[in-house]
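Colleague: Before I ask anything, here is the structure I am working with.
Each reported figure results from applying straightforward, stated rules to the coordinates on display, with no laboratory input. This one's a predicted model, so the numbers in the text were calculated from it and none came from an experiment. All Cβ positions, even for glycine, are placed from backbone atoms using ideal geometry, and neighbour counts span all protein chains on display.
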Amino acid sequence: MLSGLLWLLGFGTTLVAGMLQRIVAFLVWLDLSNRLRAVRSAALAPNVRELIPAAALQRQFAAQFLSVGLTLAACTLPALARPAGAAGVLAWGLLALNLVRAIRTGRGWRQRIGDGRAAVAEQSVTI
């Protein structure tokens, strides 16, 4: 049972959560880059790492790691089941927060591009 939990929860969901954050940030960056190119703006889209900062990724990973650890410990100590569930909710809540943050940042940039204010935006390095 422990190996199954470690495989599914420890590897599977952690991998999906990490990849989802990077993929969503990349897709937002790609959309913004294409829009900026279409309006022939000299501004560069924000870096993928600016859409979801490394600190936010690390907080989500730490919560995910805590969730996995508590879930594994709950197999032998059932009293840890509720804290494990709370840590899981925290981890997935932080994931949702990171994704929403990236999408909101992208929407803000899309509005500036549409208004023609993108040229005034801060230059950043693309991936």
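Colleague: Can you give the charge dipole size of the chain about its Cα centre, rounded to the nearest 20 debye, using +1 on the beta carbon of Lys and Arg and -1 on the beta carbon of Asp and Glu?
Modeller: Rounded to the nearest 20 debye, it is 380 debye.
Colleague: Among 28, 90, 1, whose Cα sits farthest toward the positive end of the charge dipole of the chain (+1 at Cβ of Lys/Arg, -1 at Cβ of Asp/Glu, about the Cα centre)?
Modeller: 28
Colleague: Could you tell me whether the chain comes out rounded, prolate or oblate from its Cα gyration tensor? Rule is a ≥ b ≥ c as square roots of the eigenvalues, rounded for a/c under 1.5, then prolate if a/b exceeds b/c, otherwise oblate.
Modeller: prolate
Colleague: Considering Cα pairs under 8 angstrom that are at least six residues apart, work out the relative contact order of region 45-97 and quote it in whole percent.
Modeller: 37
Colleague: Quickly work out the residue 30-to-residue 103 label distance, labels modelled 7 Å from Cα along the C-beta direction, and quote it in nm with one decimal.
Modeller: For residue 103 paired with residue 30, the spin-label model returns 1.7 nm.
Colleague: Moving to a separate point now. Which length gain, in nm to one decimal place, applies between residue 2 and residue 82 when the Cα-Cα distance is subtracted from 0.36 nm times their residue separation?
Modeller: Here the answer is 27.0 nm.
Colleague: List the relative contact order of the chain as a percent without decimals, with contacts defined as Cα pairs under 8 Å and 6+ residues apart.
Modeller: After rounding, I find 37 percent.
Colleague: Quick one: which residues, 5 or more positions from residue 44 or on another chain, have an amide H under 5 Å from its amide H? H modelled 1.01 Å from N in the peptide plane, none for Pro or chain starts.
Modeller: 124
Colleague: A follow-up question, please. Taking only Cα atoms and a 10 Å spring cutoff, compute GNM fluctuations for the chain and point out the largest among 40, 59, 104.
Modeller: Top of the fluctuation ranking is 40.
Colleague: Continuing with this model, one more query. Output the 0 to 90 degree angle, nearest 10, between the alpha-carbon long axis of helix 14-38 and the longest principal axis computed from the alpha carbons of the chain.
Modeller: 10
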